[in-house]
Amino acid sequence: MTAPPRRPPALAGEPDNLLATGPAALTGALIGYARVSTRDQKLDRQTRALTAAGCIRIFADKKSGKNAEREELRSALDYLRPGDIVVVESLDRLGRSLQDLITIVSGLRRQGVGLRSLKEAIDTTTPGGRLVFHVFAALAEFIRELIIEGTLEGLDAARARGQSLGRPPAMTPEQVGHAKALLAQPDASIASIARLLSVSRSTLYKYVPELKPGSDLQAGSRHPELTGSTTAQEGTPE
């Protein structure tokens, strides 16, 4: 009798149901993953626990959980096959955060792979383990919505106080006035004033657009807008 075809894993963009039934037949291997934050720390305790749990292969990183580039974790995920179970000594060894952990578990489920944590006694191949991660996912979404709501309320309050939002300007009004005053001097140049104010020439042009090449106002031109004096017109006087 031919076995029915295995249902293909969900696409990466599809919502993942952490309460869905796990792999029908867990005939694969136990694959361990261990991590310490620095190279000075030892992996011995974790690897002993994973070996005692029956892991046939262990991948280990010596990097902070905040580091997205964990080469051994990537290698472990590439090594897994449907029906395998990833075993960790504790959940914080696998995920950088609650949301990161949920993302990894969701990816494992799409591969038909389970997760077992020794310290927390969680196994996503069991109904109880799947329920725990469902609660985790709901909590993470709740926290995310609270953060968004708090951020929006903070922005509204700032606007009500008349506080300007967004990135601060590259040049303050005082710097713009200072630049115009300095450029009225005959020996001043745009490059020297930009260096003095610690801004680029493009920034200076942006905040004082009349200084752009081809405009009437040029460095050292004694322009009346800067000096308050009049400038003689070019050409032969009448």
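Read-outs throughout are calculated quantities, based only on the coordinates presented, and are distinct from any laboratory measurement. Model, not experiment: these values are computed from the prediction. Cβ atoms come from the backbone with ideal geometry, glycine included; neighbour counts cover every protein chain shown.
Restricting to the stretch 30-138, compute how many DSSP beta bridges are antiparallel as a %, nearest 5. Here the share of antiparallel DSSP bridges comes out near 10 percent. The ranking of Asp156, Asp84 by Cβ neighbour count inside 10 Å, starting from the fewest, reads Asp156, Asp84. Residue exposure proxy: Glu149, Glu89, ordered by other Cβ atoms within 10 angstrom of their Cβ from fewest to most, comes out as Glu149, Glu89. Remark: the Gln99-Glu174 segment gains 22.5 nm on full extension, using 0.36 nm per residue and subtracting the alpha carbon distance. Taking other Cβ atoms within 10 Å as a rough exposure proxy, Leu197, Leu152, Leu94, Leu131 sort from fewest to most as Leu152, Leu131, Leu197, Leu94.
Taking label positions 7 Å along the Cα-Cβ direction at both Lys119 and Asp40, the computed distance is 2.0 nm, reported to one decimal.
Volume of the convex hull of the stretch 30-138 (Cα atoms only), normalised per residue: 89 Å³.
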